[in-house]
1. What are the residues in the range 54-69 that are in a helix (DSSP H, G or I) and either in contact with a helix residue (DSSP H, G or I) (Cβ under 9 Å, 6 or more places away or on another chain) or at positive phi (or both), if any?
2. Do you know which residues across the range 70-84 are under 12 Å from the mean Cα position of the chain (by Cα) and at negative phi?
3. Please determine, by comparing only the residues of the range 1-20 that are surrounded by 12 or more Cβ atoms within 10 Å (Cβ to Cβ) and in contact with an Asp or Glu (Cβ under 9 Å, 6 or more places away or on another chain), which one is modelled with the highest pLDDT.
4. If you go through the range 70-77 one residue at a time, do you hit one that is modelled with pLDDT under 95, buried (at least 16 other Cβ atoms within 10 Å of the Cβ) and within 15 Å of residue 10 (Cβ to Cβ)?
5. Among the residues of the range 22-52, how many are in contact (Cβ under 8 Å) with a residue 40 or more places away in the chain, at negative phi and assigned to a loop (DSSP other than H, G, I, E, B)?
6. Name the single residue, out of those in the range 34-69 being of a type in the set (Gly, Ala, Ser) and under 12 Å from the mean Cα position of the chain (by Cα), that is surrounded by the most Cβ atoms within 10 Å (Cβ to Cβ).
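The values are calculated or read from the model by the stated rules, or taken from the named source; none is laboratory data. Keep in mind the model is a prediction, meaning the values are calculated, not measured. Using ideal geometry, Cβ is built from the backbone for each residue, glycine included, and neighbour counts are taken over all protein chains shown.
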Amino acid sequence: MKPNKHLTCLFDRLIEDKTMHPTHISLYFSLFQYWNINRYQNPISITREEMMLISKIGSRATYHKCMRELNDKGYIKYEPTFNPYKGSSVQLLNFSQGDNIEV
């Protein structure tokens, strides 16, 4: 996986997708940073609190809406957990090889 190519393809996709707003983009880049720290291994484990803090999203409702929409639009694969001791699972998808291809 080449991060620069991934980001170029992501920006191309975001330009075309009129439904993505700054909160979606902020959350996606927070997820991307976690993915980068984990050396691009899928899936990554996240917590809502950490993602909200990093992405500067102040509302749980907004966070959940953005995660659901990123998942539904094929930017990520999100598997929430309802266990407070276990993080949710997120896979980032590879846009450089076409939509909905796992990296």
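1. Taking the range 54-69 as the starting set, the residues that turn out to be in a helix (DSSP H, G or I) are 54-55, 60-69.
Those that are in a helix (DSSP H, G or I) and either in contact with a helix residue (DSSP H, G or I) (Cβ under 9 Å, 6 or more places away or on another chain) or at positive phi (or both): 54, 55, 60, 62, 63, 64, 65, 66, 67, 69.
2. Taking the range 70-84 as the starting set, the residues that turn out to be under 12 Å from the mean Cα position of the chain (by Cα) are 70-79.
Across the range 70-84, the qualifying residues are 70, 71, 72, 73, 75, 76, 77, 78, 79.
3. 20
4. No.
5. 3
6. Taking the range 34-69 as the starting set, the residues that turn out to be of a type in the set (Gly, Ala, Ser) are 45, 55, 58-59, 61.
The next check asks that each one be under 12 Å from the mean Cα position of the chain (by Cα); those that pass are 45, 55.
Numbers: 45: 12, 55: 22.
Among those that are of a type in the set (Gly, Ala, Ser) and under 12 Å from the mean Cα position of the chain (by Cα), it is 55.
Residue-wise test of (1) aliphatic (A, V, I, L, M); (2) touching a Leu at 6+ places or on another chain (Cβ under 6 Å).
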| residue | (1), (2) |
| --- | --- |
| 18 | no, no |
| 34 | no, no |
| 44 | yes, no |
| 48 | no, no |
| 53 | yes, no |
| 66 | no, yes |
| 73 | no, no |
